[in-house]
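*Asks:* Sending over a structure as structure tokens; questions will come in a sec.
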Amino acid sequence: DYEETVNFLIDKGFFVIRLGSEVEGCLNIDSKKYFDYSLSEYQSDFLDIYLSSHCYFFISSDSGISAIPEMFRVPVVYINKTLLKEIHRWNSKSLFILKKFYSKKYDRFLNFEEIWKLKIGDLDHNHNIDANQIIIQDNSPKEIKEVSEEMLYFLEKNLKYSKQDELIQNKFWQIFAPNNLRSNFCRIGRDYLNKNKSLL
């Protein structure tokens, strides 16, 4: 799922390093600007921290390793986020996209407010998933690339949001009102949100 994103970043001149201590398979990327450190002899806890704290920006799934770049104020792109209540709103430079929840019971995707009310992640998590016959859908390779591209353009100061972008962004955050405080640049991905406006 990351190959499209890695190739995009390599084309932009970046050196991409894959982190992790327990990973599945490998990426089919043949480039001197890509290093699968996770499967190398160099992998260590110390280097995990060092690399995570010194990168230009970090791409992470719903995983605890994102705490390292967060502590060092490294921008983070969160992909495949599941729990709306665990969006890392305190991170000063972050973008995220969410998994989608398809309900076989209702024969449609649940909207963001419905997912919020389900209280996914609480003690009755499995009950809520089963009761609504929910299938959780991962982000696509294209969605991952688009939100990573948005972060890159933000960091390079080549990003402009339209009034429509801001309108639907604010509509998303109203789901959490009145407790919808967040840092100055904590946003749900622009392309992801535009393509999933029906979930607002």
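The values are calculated or read from the model by the stated rules, or taken from the named source; none is laboratory data. What you are looking at is a predicted structure, and each value in this text was computed from that prediction instead of being measured. Methodologically, a virtual Cβ is constructed for each residue, glycine included, from the backbone with ideal geometry; neighbour enumeration extends over all protein chains shown. Remember, those area values only see protein heavy atoms, side chains included, never the ligands or the DNA or RNA. Shrake-Rupley method; radii C 1.70, N 1.55, O 1.52, S 1.80 Å.
*Asks:* Within segment 21-44, is even one residue touching a helix residue (DSSP H, G or I) at 6+ places or on another chain (Cβ under 9 Å), in a loop (DSSP other than H, G, I, E, B), closer than 22 Å to E4 by Cβ and among the acidic types (D, E)?
*Replies:* no
*Asks:* Here's a follow-up. Could you list all residues from segment 62-107 that are assigned to a helix (DSSP H, G or I), open to solvent by less than 10 Å² (accessible area, probe 1.4 Å) and of a type in the set (G, A, S)?
*Replies:* S66 - this is the single residue of segment 62-107 that is assigned to a helix (DSSP H, G or I), open to solvent by less than 10 Å² (accessible area, probe 1.4 Å) and of a type in the set (G, A, S).
*Asks:* Between a residue in segment 79-98 that is closer than 17 Å to K117 by Cβ and any residue that is assigned to a helix (DSSP H, G or I) and not aliphatic (A, V, I, L, M), which pairs come within a Cβ distance under 8 Å, given they are 6 or more apart or on different chains?
*Replies:* Close Cβ pairs satisfying both conditions: L84/F112; L84/W116; L84/F176; K85/W116; L98/F112; L98/Y192.
*Asks:* Residues in segment 154-163: is at least one closer than 23 Å to F14 by Cβ, in a strand (DSSP E or B) and hydrophobic (A, V, I, L, M, F, W, C)? Steps first, answer last, please.
*Replies:* First, pick out the residues of segment 154-163 that are closer than 23 Å to F14 by Cβ: 154-160.
Within this subset, residues satisfying the condition of being in a strand (DSSP E or B) are none.
Checking segment 154-163: not a single residue is closer than 23 Å to F14 by Cβ, in a strand (DSSP E or B) and hydrophobic (A, V, I, L, M, F, W, C).
*Asks:* Within segment 70-90, is there a residue that is touching a helix residue (DSSP H, G or I) at 6+ places or on another chain (Cβ under 6 Å) and among the aromatic types (F, W, Y)?
*Replies:* Yes, the conditions are met somewhere in segment 70-90.
*Asks:* I'd like to know if segment 48-57 contains one or more residues that are outside any helix (DSSP H, G or I), open to solvent by less than 80 Å² (accessible area, probe 1.4 Å) and modelled with pLDDT under 85.
*Replies:* no
*Asks:* Then there's this: Considering each residue of segment 138-176, count those that are among the hydroxyl-bearing types (S, T, Y), in contact (Cβ under 8 Å) with a residue 24 or more places away in the chain and open to solvent by 40 Å² or more (accessible area, probe 1.4 Å), and give that number. Write out each step before concluding.
*Replies:* Initially, segment 138-176 is screened for residues among the hydroxyl-bearing types (S, T, Y), giving 140, 148, 153, 161-162.
When the remaining residues are screened for being in contact (Cβ under 8 Å) with a residue 24 or more places away in the chain, the result is 140, 148, 161.
From what's left, open to solvent by 40 Å² or more (accessible area, probe 1.4 Å): 140, 161.
Final tally of qualifying residues: 2.
*Asks:* Right, another one. Going by what's in this entry, would F176 be described as at pLDDT below 95, under 17 Å from Y78 (Cβ atoms) and in contact with a Pro (Cβ under 9 Å, 6 or more places away or on another chain)? Walk me through how you get there before you give the answer.
*Replies:* Values: at pLDDT below 95: yes; under 17 Å from Y78 (Cβ atoms): yes; in contact with a Pro (Cβ under 9 Å, 6 or more places away or on another chain): no.
Criteria not met by F176.
*Asks:* Filter segment 177-194 down to the residues that are among the basic types (K, R), outside any loop (DSSP other than H, G, I, E, B) and either over 14 Å from K145 (Cα atoms) or out of contact with any Asp or Glu (no Cβ under 8 Å at 6 or more places or on another chain) (or both) and list them by number. It would help to see each step written out before you state the result.
*Replies:* Applying the first criterion (among the basic types (K, R)) to segment 177-194 yields 182, 187, 190.
Pick out the ones that are also outside any loop (DSSP other than H, G, I, E, B) and you get 187, 190.
The answer is R187, and nothing else.
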